Amino acid sequence: MVKNYKKTLTACYLGFITQAIAANFAPLLFLKFHTDYGIPLGKIALIPAAFFLTQLIVDVLCAPLADRIGYRKCVVASELCSAAGLVGLAFLPELFPDSFTGILISVIVYAVGSGLIEVLGSPIVEACPFEHKEAAMSLLHSFYCWGSVGVILISTLFFAVFGIGSWKWLACLWALLPLYNIYNFATCPIEHPAPDGKGTKTGSLLRIPLFWIAIILMICAGASELSMAQWASAYAESALGLSKAAGDLAGPCMFAVTMGISRVIYGKYGNKLNLTKFMFCSGCLCLLCYIAASVSDAPVIGLIGCILCGFSVGIMWPGTISICSGQIPSGGTAMFALLAMAGDLGGAFGPGLVGNITQNADNNLQKGMLAGCIFPLVLILSLIIMKSLRKDVPRS
């Protein structure tokens, strides 16, 4: 019987879209939570912190768990948690005396699902017998971008038609996607990326110099991406005088679009491109985007820098994973989990650094973005060092 690995790929695509829903839906409702439930904005700020902290914990615990009970059970659980958390978001705030507790529980539950698919989606695709794995990996990660764009656009349209008071119905509708994907993951072929089904132990991975460079690359990729994405809306509002909703569409939404385009380009033409050179040029473009956003007196130039930054960071995360997979083929689940953890760590640290610098500079956002230049700069230097530690990545 011929195994249908295209079904595996489809399941992983939908899994990454589900992750995008989990990451982007609740932030659209922060003001609604504040007005309906009387939750202080300071407490609402804990929601994204709880989401990313949960993902980091899952990154750490996922590798031994997945190797012990199997990938299939873990990815099915990821979709189940995602669906349960989204449905819980609609009902739990009403069932708890403190609505914030219900929201936080729901966020943590679907963050578990998001963390599991983040770690396991890449090795599942890597283990499939596709001819151009770097391209397949880049295309896979593009679906997070398209999911982010989709959840912002569709949610905005839904609220415009039915009113934001109908958000609970939309939360339940979004939950249908991971519920459907449970069937896909339960029936598609799933292989283990390591030849022996176990992979290299964490201690052995940490003795490989190239792996440490990859960790630094992932931290810088996450920091470069999230630091700019977080402030893209502010640039859109200041540059074009748009409302918050329109600013979200012109800033974060366009950032996600260009990031997705970058990943699709490599996904389609990756067999004709040199991955290391593509990443190096992207790193240089990223540095230029940060400089444009931080030193230009023209707000429109800053907005263009924000949007193009999405294109520049698009290849960094999947590209680093592909390099590690090619150079450390026995890395297994632990390798993918540690790389995901490094990316999440950068995503949590980067925006915090930019925000603190901005606050200490009398709320001068440009000075905060200037400090953010350190991330693409270190990324470029890391790529140069990595090239000296490895053979050229094959084109196919």
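Read-outs throughout are calculated quantities, based only on the coordinates presented, and are distinct from any laboratory measurement. Every value quoted in this text rests on a predicted model; they were computed, and no experiment measured them. Neighbour counts run over all protein chains shown; Cβ positions are idealised from the backbone, glycine included.
Picking from Leu226, Gly15, Leu95, whose Cα lies most toward the positive end of the charge dipole for the chain (charges on Cβ: Lys, Arg +1; Asp, Glu -1)?
Value computed over the given set: Gly15.
Calculate, axis by axis, the spread of Cα positions in region 251-377 along the three principal axes, and write the results as whole Å, longest axis first.
Here the Cα extents, ordered largest to smallest, are 49, 29, 24 Å.
How big is D for region 11-141, in µm² s⁻¹ as a whole number, if Stokes-Einstein is applied with the Kirkwood radius of its Cα pairs at 25 °C and 0.890 mPa s?
Answer from the Stokes-Einstein relation: 158 µm²/s.
Assign unit charges at the C-beta atoms only (+1 for Lys and Arg, -1 for Asp and Glu), then state the dipole size of the chain relative to its Cα centre in Debye, rounded to the nearest 20.
980
For a quick check, take a GNM of the chain with Cα springs below 10 Å and name the residue from Asp67, Asp59, Asp36 with the largest mean-square fluctuation.
Comparing Asp67, Asp59, Asp36 in the GNM, the peak value goes to Asp36.
For the chain, compute the orientation-averaged projected area of the C-alpha convex hull (one quarter of its surface), in nm².
19.0
Lysines within cross-link reach of Lys367: Cα-Cα under 25 Å, excluding same-chain residues under 8 positions apart?
Lys244
For region 314-356, just run the numbers: alpha carbon Rg, then divide by 2.2 N^0.38 Å, N being how many residues it has.
Scaled against compact globular proteins, the figure is 1.36.
Helix-derived [θ] at 222 nm for the chain: sum -39500 (n - 2.57) over DSSP H runs of at least 4, divide by residue count, nearest 500?
For the chain, the value works out to -27000 deg cm²/dmol.
Along the Cα-to-Cβ line of Lys201, 7 Å from the Cα, sits a label point; which residues in region 333-355 have backbone N less than 16 Å from it?
333-335, by backbone N distance to the label point.
Calculated FRET efficiency, Phe349 and Phe30, Cβ-Cβ r, R0 22 Å, to nearest 0.05?
With R0 = 22 Å, the Cβ-Cβ based efficiency is 0.50.
Taking 0.36 nm per residue of sequence separation and subtracting the Cα-Cα distance, how much length would be gained by fully extending the chain between Leu173 and Asp297, in nm to one decimal?
40.3 nm
Evaluate the relative contact order of the chain (contact order divided by residue number), counting alpha-carbon pairs under 8 angstrom at least 6 apart; express in whole percent.
Relative contact order for the chain comes out at 24 percent.
With only alpha-carbon atoms counted, please give the Rg and Dmax of region 34-82, in Å.
Cα only, region 34-82: 15.5, 45 Å (Rg, Dmax).
Would you please give the FRET efficiency between Ala50 and Asn363, computed as 1/(1 + (r/R0)^6) with r the Cβ-Cβ distance and R0 = 30 Å, to the nearest 0.05?
FRET efficiency, Ala50 to Asn363: 0.70.
Hey, could you get me the Stokes-Einstein D for region 100-189, Kirkwood radius over alpha-carbon pairs, 37 °C and 0.692 mPa s, rounded to whole µm² s⁻¹?
D = 212 µm²/s.
Within the set Lys43/Lys73; Lys133/Lys387; Lys6/Lys272; Lys6/Lys268, which residue pairs have Cα atoms separated by over 25 Å?
From the list (Lys43/Lys73; Lys133/Lys387; Lys6/Lys272; Lys6/Lys268), the Cα-Cα distance tops 25 Å for Lys43/Lys73.
Calculated FRET efficiency, Lys387 and Ser166, Cβ-Cβ r, R0 35 Å, to nearest 0.05?
So, using R0 = 35 Å, E works out to roughly 0.10.
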